Each structure stands twice: as C-alpha cells, then as structure tokens.
Amino acid sequence: MAVLAVAALALAACGGGTEKTGSSSSPSAPASADGADKPAAFPVTVAHKYGSTTIDKEPKTIVTLGLSDQDAVLALGVKPAGSVDWFKEQPYGKWPWTKDKWGSVKPVIVGERDEYNIEKIVQLKPDLVIAQYSGMKKEQYDTLSKFTKVVAQPKEHPDYGAPWQVMTRQIGKALGKDAETEKLIADIGTRFKAVRDKHPEFATKTLAVADSFEAGKYSAFTRTDPKAIFFSELGFKLKPEIDGLAKPGWNVAELSAEKLNILDVDRLVWVTSSTDANDRIKAEPLYKKLKVNQEKRDLFVPYQDPDIGAAFSFNTVLSIPYAIDEIEPLLAAVK
C-alpha cells in the first residue's frame, strides 16, 4: 500500500490533439454508452496543462490515464477501453461504487501511475485519452498526441491538486456531456450540504488526515489532496500548518515522530493498511502524548475491506456517496 503515498505526491507548451485518430472502437474492450443520450454538440475544445485539444466528434474508444479518471467517465455512461493501476488491484469489479458500472467489461491495464505503456495504448486505437488526476509529462503528452486526442491535467492546479469538480468538468466537456456533468456535480454538492446541515458542529472542528507506512515515518495530507478536500467539504477546517511543512508541489507533508504534535487537532483520521499499522502508531510514545489520542478523537480507517479510505482517496462523483455513507457515522460518534 505504500504506492498510495507515492501516488498522492505531485511530481506553457504548444497545444495538441488535432491529429488524425485511430479507429473508433476496440474489439477487446469497447467504450459503450448507457441509455439514449441526445447527440452531443461537437467539436469541443478543452484547455489543459499543455495547451488545448479540439475533439471533432463524439469519442467512442477512450483510455483514462489519471488514477481515478475512470470513475467520472463511468458515471457519464462510458466504459474506458484502457485504464491505469493505482492500488495494485484491477480497477474493475473491485470497488463497490464502480462494480455495477463496469459490469462484465474488463479494461486493459495500460500503465501504473504515471508510467504508461504506450504500445498497449496504441493497440487499443483510442480516439480520446484522458489524464486528469495524473502527473503526465510533456514528453508523454507529445507522444500520445501523435496518434490520438489527449486531454491532459488541468493547467490552473498542480499535478494531483485539482478539485474533483474541475476534473469532472474537464472529462464531461471532452465527452460532450456538459449538462449531465453539471447534474452529477450538483447532486454530490447536495450530499455534502446535507451532512453539513446535519452536523453543524463539524464547522467548529479542525481535522487532519494522516498515514504511516513504516515505523517512525508519518505523513499528513495538504489541502490540495483529495482526502483533505473530501473532509473540508464535509465542513471541517483544515490545518494550514500542514501545508507549510510540505515540499513544493507535494500533496503530503512528511513527519518524524518528533513532529507529530502538528496532528493534535480536533479530529484526526488515520488511513491505514492494516491493524498492525494501527497498533504501531498507537504504541508510539510521542503519539500517546497527544490530546487527540488521549481523548479518543482519532479514527483509524482502512483503505480497503471495507473500502472507506479508497473511496475518499479517489474522491470522485462515484466514490464520494459511498465514502459519505461510511465515514459520517464514524465521525459523528466521536465526542
């Protein structure tokens, strides 16, 4: 699970995406739409980190290269032909929020994090590649743009730092589904507001999200990380001092045991991979001194089984409702 911490870190050129594309479908894992959409208005032009891309007609075969991009694509009724691996798990049929969306379709795994297998992508003959929650480099963008349309990560945010709303809108625009996208975003906004209305006390509390993958090393997530964004939208206040400890461009501040006092907040959410990790953190002498621990205001939430941490790590239009359902009662129980 150490890959999760690495994936959370953030690692004006000419525009692209105007080249001729390959065939419109893949025999192994074709993109497919659910239901009867109205014809989308194309062409559309999407601005991104490396310029802008004009998509002339509705894309049929789509590859997603962002770690969580597939969720927004699935939510808009399209099944990507290819996807990347994040959690060292196949990204189909596993997560409870996407299982029904994927159905029996199995996308081709075309990379891991920001290391893409260009040959596999070419074989799928996509007419659109999407890379939003990614650290795609200019060289990778240029290579892919030689044979297909590419919508790279948002230009106004650091890599892995764009809000889920921004990335969802980028994806929706590329698919010609602006109206559907706005409804998805509005529905999620309503879910968050319902929690804030139900728990006004959240707005008076500071909260931090942290993890630890090995003894003596701890991480706290900055305000641009999806996990921190999720809890801020539930109403909690984040601790700006954590941002100040992070290296430039990083979504996480690395802490030694001597700096654990930065995590002495009203609510501390540990996202961990095992009960052994939980026990190790709780046994740290300097952690035992924190009031958040002594007063039992810390939560230890698993990444998987149940998939709570994974849900708010993805922090997408599909995973957020699941994450809210799972985490709200846990937070409410802390006094």
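Remark: pairs (first residue in the range 234-258, assigned by TED's automatic domain parsing to the domain that holds residue 286; second residue loosely packed, with under 15 Cβ neighbours inside 10 Å and of a type in the set (A, V, I, L, M); Cβ separation under 6 Å; 6+ apart in sequence or on different chains) = 235/203; 257/286.
Within the range 248-265, is even one residue within 27 Å of residue 195 (Cα to Cα) and among the polar types (S, T, N, Q)?
Applying the first criterion (within 27 Å of residue 195 (Cα to Cα)) to the range 248-265 yields 251-252, 262-265.
Adding the requirement that they be among the polar types (S, T, N, Q) leaves 251.
Yes, because at least one residue in the range 248-265 is within 27 Å of residue 195 (Cα to Cα) and among the polar types (S, T, N, Q).
In the range 94-115, the residue that is surrounded by the fewest Cβ atoms within 10 Å (Cβ to Cβ) out of those that are part of a strand (DSSP E or B) and of a type in the set (Asp, Glu) is 115. Residues that are under 24 Å from the mean Cα position of the chain (by Cα) and closer than 13 Å to residue 227 by Cα occur at least once in the range 290-301.
The test for being farther than 30 Å from residue 127 by Cα and aromatic (Phe, Trp, Tyr) holds for residue 230. The selection criterion, being closer than 17 Å to residue 168 by Cβ, touching a strand residue (DSSP E or B) at 6+ places or on another chain (Cβ under 9 Å) and of a type in the set (Val, Ile, Thr), holds for residue 73.
None of 264, 305, 276 is under 24 Å from the mean Cα position of the chain (by Cα) and over 23 Å from residue 164 (Cα atoms) except 305. If the condition is being under 23 Å from residue 76 (Cβ atoms) and of a type outside the set (Asp, Glu), then the range 146-160 contributes 148, 149, 150, 151, 152, 153, 154, 155, 157, 160.
For the range 275-295, the condition of being at pLDDT below 95 and touching an Asp or Glu at 6+ places or on another chain (Cβ under 7 Å) holds for none of the residues.
Assess whether residue 146 counts as being at pLDDT 95 or above, within 22 Å of the chain's Cα centre (by Cα), farther than 25 Å from residue 251 by Cα and not aromatic (Phe, Trp, Tyr). First the steps, then the outcome.
Working: at pLDDT 95 or above: yes; within 22 Å of the chain's Cα centre (by Cα): no; farther than 25 Å from residue 251 by Cα: yes; not aromatic (Phe, Trp, Tyr): yes.
Considered against the rule, which asks whether it is at pLDDT 95 or above, within 22 Å of the chain's Cα centre (by Cα), farther than 25 Å from residue 251 by Cα and not aromatic (Phe, Trp, Tyr), residue 146 comes out as no.
Criterion applied to 244, 189, 249 was being touching a Gly at 6+ places or on another chain (Cβ under 9 Å), more than 18 Å from residue 270 (Cβ to Cβ) and of a type in the set (Gly, Ala, Ser), and the one residue passing it is 249.
Taking residue 68, is it within 18 Å of the chain's Cα centre (by Cα), of a type in the set (Gly, Ala, Ser) and under 20 Å from residue 172 (Cβ atoms)? Full working, then the answer.
Details: within 18 Å of the chain's Cα centre (by Cα): yes; of a type in the set (Gly, Ala, Ser): yes; under 20 Å from residue 172 (Cβ atoms): yes.
When the stated conditions are applied, residue 68 passes them.
Scanning the range 165-176 for residues that are within 15 Å of residue 229 (Cα to Cα) and in contact with a Pro (Cβ under 7 Å, 6 or more places away or on another chain) yields 166, 167.
The values are calculated or read from the model by the stated rules, or taken from the named source; none is laboratory data. Keep in mind it's a predicted model, so treat the numbers as computed, not measured. Here Cβ is always computed from backbone atoms with ideal geometry, including for glycine, and neighbour counts include all displayed protein chains.
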